[in-house]
1. So which pairs qualify, if the first residue must be in the stretch 240-255 and touching a residue at least 60 places away in the same chain (Cβ under 8 Å) and in the same structural domain as residue 195 (by the TED database), the second must be small (Gly, Ala, Ser) and surrounded by fewer than 19 Cβ atoms within 10 Å (Cβ to Cβ), the Cβ gap must be under 7 Å, and the two must be at least 6 apart or on different chains?
2. Would you mind finding the one in 184, 195 that is open to solvent by 30 Å² or more (accessible area, probe 1.4 Å), in the same structural domain as residue 63 (by the TED database) and polar (S, T, N, Q)?
3. Under the condition of being of a type in the set (Phe, Trp, Tyr) and not in a loop (DSSP other than H, G, I, E, B), which residue from the stretch 267-291 is most open to solvent (accessible area, probe 1.4 Å)?
4. Of (1) out of contact with any Gly (no Cβ under 7 Å at 6 or more places or on another chain); (2) closer than 26 Å to residue 191 by Cβ; (3) open to solvent by 50 Å² or more (accessible area, probe 1.4 Å), residue 264 satisfies all except one. Which?
5. Kindly provide the set of residues from the stretch 240-278 that are in contact with a Ser or Thr (Cβ under 8 Å, 6 or more places away or on another chain) and aliphatic (A, V, I, L, M), ordered by number.
6. Working only within the stretch 227-246, note down all residues that are under 17 Å from residue 75 (Cα atoms), in a helix (DSSP H, G or I) and either of a type in the set (Asp, Glu) or open to solvent by 30 Å² or more (accessible area, probe 1.4 Å) (or both).
7. Which condition number does residue 101 fail, the rest of (1) exposed (fewer than 14 other Cβ atoms within 10 Å of the Cβ); (2) touching a helix residue (DSSP H, G or I) at 6+ places or on another chain (Cβ under 9 Å); (3) modelled with pLDDT of 95 or more being met?
8. In the set 168, 151, which member is out of contact with any helix residue (DSSP H, G or I) (no Cβ under 7 Å at 6 or more places or on another chain) and open to solvent by 60 Å² or more (accessible area, probe 1.4 Å)?
Amino acid sequence: MEIHESVMQSSGFVIFKLVLAFFRFVLVKSFEKASIAFLSLMEGLSMKGTAEDDVATFDQLSKRWWEPNGPMILLHRLNKLRVPMVVEGLIKVGKLDRKQRYTTDALKGLNILDVGCGGGIYAEALAKLHANVVGIDPARHLIEVAKAHVETQSDIKDRCQYHEQSMEEHSQGADGKYDVVVLSETIEHVVDKSSLLKHVAEVLKPGGSVFISTWNKTNWSWLLAVVVLENIMKRLPKGSHDYDKFVSPEETEAILEAYGCRTIEQRPFYLKFWESEWVWVPFNELTYALHAVKG
């Protein structure tokens, strides 16, 4: 009981610090900037993006995808959490030895599919650890960016390939092909999540792992993603996130379970947006990552 109370107090302290930092950040904004943000907010909150709209939005950002401090800074910074989670997760299920945790070829020999790969930020990071990576995305310009960028990376260009495809298209003839499938900041842009995860399960080998990171479906996640990051701070493309497409971890786990994938870990994380840094946190109101295993 004392341990439980201590954990609750610790979680409360973390939340208090984050809330305090948020209000400190807001208070230093000038009235002029707040007024402009308000006008943008009124326009942006009403936007409902179709699948085609999402593709077009990210296509427009393709030219600046690989700028570390550009529009995609949050994806670049997210590698700090999502790449180690893959390595640690595979160690937990016995696919990797603990000695491989910090090696430069930790994922050597593994076949990984990156669904919704965009311009290849996540895919290349996995290939740097010697995985054989295939990235798929329906956005043509992003696939062009990914292909062009990987050609400049002599150490991984033979292990990393990209295709302009949907998950449904790629799954044809690919049953049991992959050791790992990753979907990072992807599922919240898809309407039919059940169909998507059905095809993901099909292409996984028995015992294979799927790693997902996405936004929880809460009022807090809407406030941070749509209001703050899209419309006030402009850290995310306006209109790229639709609350109706957000999905709770419970729903994600249930869909995976229906297709034979058991969730073994779920970890909440949070964006310290005033520093553009992602951190693991003890509360599950905003964003989460999960690891499920087939079979």
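1. 255/194
2. Numbers: 184 fails: open to solvent by 30 Å² or more (accessible area, probe 1.4 Å).
That would be 195, the only listed residue that is open to solvent by 30 Å² or more (accessible area, probe 1.4 Å), in the same structural domain as residue 63 (by the TED database) and polar (S, T, N, Q).
3. Pass one, the stretch 267-291, residues of a type in the set (Phe, Trp, Tyr): 269-270, 273-274, 278, 280, 283, 288.
The next check asks that each one be not in a loop (DSSP other than H, G, I, E, B); those that pass are 269-270, 278, 280, 288.
On the way: 269: 5, 270: 19, 278: 14, 280: 79, 288: 0 Å².
Among those that are of a type in the set (Phe, Trp, Tyr) and not in a loop (DSSP other than H, G, I, E, B), it is 280.
4. For residue 264, the failing item is (2).
5. Within the stretch 240-278, 247, 255, 256, 258, 271 meet the criteria.
6. The answer is 230, and nothing else.
7. Status for residue 101: all satisfied but (3).
8. On the way: 168 fails: out of contact with any helix residue (DSSP H, G or I) (no Cβ under 7 Å at 6 or more places or on another chain).
Only one candidate qualifies: 151.
The values are calculated or read from the model by the stated rules, or taken from the named source; none is laboratory data. All figures in this text were calculated on a predicted structure; none of them were measured in a lab. Cβ sites come from the backbone with ideal geometry, for glycine too, and all protein chains shown count toward neighbours. Ligands, DNA and RNA are excluded from the accessible area calculation, which covers all protein heavy atoms including side chains. Shrake-Rupley method; radii C 1.70, N 1.55, O 1.52, S 1.80 Å.
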